[in-house]
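Okay, structure first, notes after.
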Amino acid sequence: MAINITSSWLDEFPARVAELDRAHLRRQRRVVVPESGARLSIDGHSMLAFCSNDYLGLAAHPALVQAACAGAQAYGVGAGASPLVSGHSAANEALERELAAFVGLPRALYFYAGYTTNIGIVPALVGTGDAIFSDALNHACLIDGARLSRAKIHRYAHADLDALERELAQSDAPRKLVISDAVFSMDGDIADISSLVAVCERHDALLLLDDAHGFGVLGPQGRGTLAAAGLHGAKASRRVLYMATLGKAAGVAGAFVAGDEALIEWLLQKTRSYIFATAAPALLASALRASLELIEQDEWRRTHLQKLIARLRSGLTAGLKDSHWQLPPSQTAIQPLLIGRNDEALAVMEALRARGIWVPAIRPPTVAEGTARLRIALSAAHTEADIDLLVEALTALAKHTQAQRQTEPTY
Ligand SMILES: *Cc1c(COP(=O)(O)O)cnc(C)c1O
């Protein structure tokens, strides 16, 4: 019998998108073409950009481009099938060895993306009846991986290790997994790694650490947050499964997990997003091997980046002293400027854009309600003059906003 459908949920999408517009939550993609340094052509306009996680300025480096071309010539462009079906290239094999050695852990497994790494490895480690303990500010892919696993999820307040320890002590789950960003992606603060490892030791838990924003930037020669905490090589702990992405400071694409030999072998056997996905193209592994060499050698990139971070912070601290905008105490290349309201954050982003500066506004649900912000991402590709331009523009906008607030009390 034919059913006469008078209204369908399929007709609701225009109104649902309009609702996002009204809440200032509609996201847009710009069309970008890289120019020199940290400049991008965005929708056809040349802009000074503070939006990229290319923290070391390697994404367009000629050595990486050349290695990618050589990789394509040697292996072709596509990998053909899952690494467990068609194998992975000699370049991928070499990259995994080099990554493990670089972070000082026994073995590494290379994935085509960070997001799919986390949504795959968490369910491979724990399942129904087990328990996950998750920092409240973790990245979306750790949260989604936890949900997929069907383990019980205990969310602890951001960086509150006493709360974490209480939750661990109360749990009688047979397998306990603690998951945490190493550098928090929207706030830029660094997790207390040594204390996290100690807590995990006391409660027989495994610590999965996502170092997307620390790898290449923090620690000796950019070996990452774990190395910065001294937990690599002979001091490596079986309690830690280290994960880092390779599309940020490393300037290419993909991610890896590294840790104990048997643990990595288990993940190779059981991670569905690894087993049922086509292997990463060898040209990426070739580019990443070149990147790893530069990360190790080019200490000046990290030194320069640290100088820029200090310059931005001292400039903004002085320029925003009468403003309600806040600069939390981040020591990393992620410098959030807390604005508060969604519409005000968007207005500041647009005003900067009119001045040829591109800083993305980050709104809920990516960050908590009422904490809309500009996420300023610094890179070794920036110059000191770039930083000064941004500081001057934000100082002027803060004065303007403050004056507006005083003349319009209902604002
Ligand atoms: C970017 C990011 C990811 C995802 O990595 P992709 O390679 O971009 O998929 C995972 N975790 C954190 C903390 C990130 O910032």
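For (1) closer than 30 Å to residue 200 by Cβ; (2) of a type in the set (Phe, Trp, Tyr); (3) crowded, with 21+ Cβ neighbours inside 10 Å, each residue gets a yes or a no:
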position	(1), (2), (3)
75	no, yes, no
98	yes, no, no
120	yes, no, yes
129	yes, no, no
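Is there a residue being in contact (Cβ under 8 Å) with a residue 60 or more places away in the chain, under 19 Å from residue 212 (Cβ atoms) and touching a helix residue (DSSP H, G or I) at 6+ places or on another chain (Cβ under 9 Å) anywhere in segment 336-358? Reasoning before the result, please.
Initial filter on segment 336-358 (in contact (Cβ under 8 Å) with a residue 60 or more places away in the chain): 336, 342-343, 346, 353, 356-358.
Keeping just the survivors that are under 19 Å from residue 212 (Cβ atoms) gives 336.
In the following step, the residues that additionally are touching a helix residue (DSSP H, G or I) at 6+ places or on another chain (Cβ under 9 Å) were identified as none.
No, there is no match, as no residue in segment 336-358 is in contact (Cβ under 8 Å) with a residue 60 or more places away in the chain, under 19 Å from residue 212 (Cβ atoms) and touching a helix residue (DSSP H, G or I) at 6+ places or on another chain (Cβ under 9 Å).
Consider residue 83 carefully, then state whether it is touching a residue at least 40 places away in the same chain (Cβ under 8 Å) and farther than 24 Å from residue 198 by Cα.
Working: touching a residue at least 40 places away in the same chain (Cβ under 8 Å): yes; farther than 24 Å from residue 198 by Cα: yes.
Taking the combined requirement at face value, the residue satisfies it.
Selection within segment 147-167: residues that are surrounded by 14 or more Cβ atoms within 10 Å (Cβ to Cβ) and of a type in the set (Gly, Ala, Ser). The member of this set that is farthest from residue 118 (Cα to Cα) is 163. Of the set (1) closer than 30 Å to residue 238 by Cα; (2) not in a helix (DSSP H, G or I), all apply to residue 124 but (2). Taking the criterion of being out of contact with any Lys or Arg (no Cβ under 8 Å at 6 or more places or on another chain) and within 16 Å of the ligand (Cβ to nearest atom), the residues of segment 253-266 that qualify are 253, 254, 255, 256, 257. Of all residues in segment 371-411, those that are closer than 28 Å to residue 138 by Cα and either outside any loop (DSSP other than H, G, I, E, B) or not assigned by TED's automatic domain parsing to the domain that holds residue 325 (or both) total 6. In the set (1) within 16 Å of the ligand (Cβ to nearest atom); (2) in a helix (DSSP H, G or I), the condition left unmet by residue 134 is number (2). If you filter segment 147-177 down to residues that are within 16 Å of the ligand (Cβ to nearest atom) and assigned to a helix (DSSP H, G or I), you find that the one that is nearest to residue 332 (Cα to Cα) is 147. Selection of segment 178-212 for residues being more than 16 Å from the ligand (Cβ to nearest atom) and part of a strand (DSSP E or B) yields 205, 206. Of the helices (runs of 4 or more DSSP H) lying entirely inside segment 256-370, the ones with 2 or more residues being at pLDDT 95 or above and among the β-branched types (Val, Ile, Thr) are found at 299-319. The set of residues in segment 230-247 that are surrounded by 23 or more Cβ atoms within 10 Å (Cβ to Cβ) and within 12 Å of the chain's Cα centre (by Cα) comprises 243, 244, 245, 246. Consider residue 110 against the criteria (1) within 14 Å of the ligand (Cβ to nearest atom); (2) within 30 Å of residue 361 (Cα to Cα); (3) touching a His at 6+ places or on another chain (Cβ under 9 Å); (4) not acidic (Asp, Glu): it satisfies all of them except one. Which criterion is unmet? Only one criterion in (1) within 14 Å of the ligand (Cβ to nearest atom); (2) within 30 Å of residue 361 (Cα to Cα); (3) touching a His at 6+ places or on another chain (Cβ under 9 Å); (4) not acidic (Asp, Glu) is unmet by residue 110, namely (2).
Scanning segment 224-232 turns up one or more residues that are outside any helix (DSSP H, G or I), out of contact with any Phe, Trp or Tyr (no Cβ under 7 Å at 6 or more places or on another chain), assigned by TED's automatic domain parsing to the domain that holds residue 246 and hydrophobic (A, V, I, L, M, F, W, C).
One residue alone among 227, 250 is buried (at least 24 other Cβ atoms within 10 Å of the Cβ), within 20 Å of the chain's Cα centre (by Cα), more than 16 Å from the ligand (Cβ to nearest atom) and among the aliphatic types (A, V, I, L, M), and that residue is 227.
Give segment 378-388 a look and list any residue that's surrounded by fewer than 20 Cβ atoms within 10 Å (Cβ to Cβ) and either of a type in the set (Ser, Thr, Tyr) or farther than 21 Å from residue 188 by Cβ (or both), or say none. I'd like the intermediate steps shown before the answer.
Residues of segment 378-388 surrounded by fewer than 20 Cβ atoms within 10 Å (Cβ to Cβ): 383-385, 388.
383, 385 - these are the residues of segment 378-388 that are surrounded by fewer than 20 Cβ atoms within 10 Å (Cβ to Cβ) and either of a type in the set (Ser, Thr, Tyr) or farther than 21 Å from residue 188 by Cβ (or both).
Against the numbered list (1) farther than 23 Å from residue 278 by Cα; (2) within 14 Å of the ligand (Cβ to nearest atom); (3) surrounded by fewer than 19 Cβ atoms within 10 Å (Cβ to Cβ), residue 144 comes up short only at (1). The number of residues in segment 233-255 that are at pLDDT below 95 and either touching a helix residue (DSSP H, G or I) at 6+ places or on another chain (Cβ under 6 Å) or of a type in the set (Val, Ile, Thr) (or both) comes to 1. Residue pairs whose Cβ atoms lie under 7 Å apart, sitting 6 or more positions apart in sequence or on different chains, and linking a residue in segment 1-28 that is farther than 29 Å from residue 42 by Cα to a partner that is in a helix (DSSP H, G or I), do not occur here.
The values are calculated or read from the model by the stated rules, or taken from the named source; none is laboratory data. All values reported here derive from a predicted model rather than from experimental measurement. Glycine also receives a Cβ, built like all others from the backbone with ideal geometry; neighbour counts cover every protein chain displayed.
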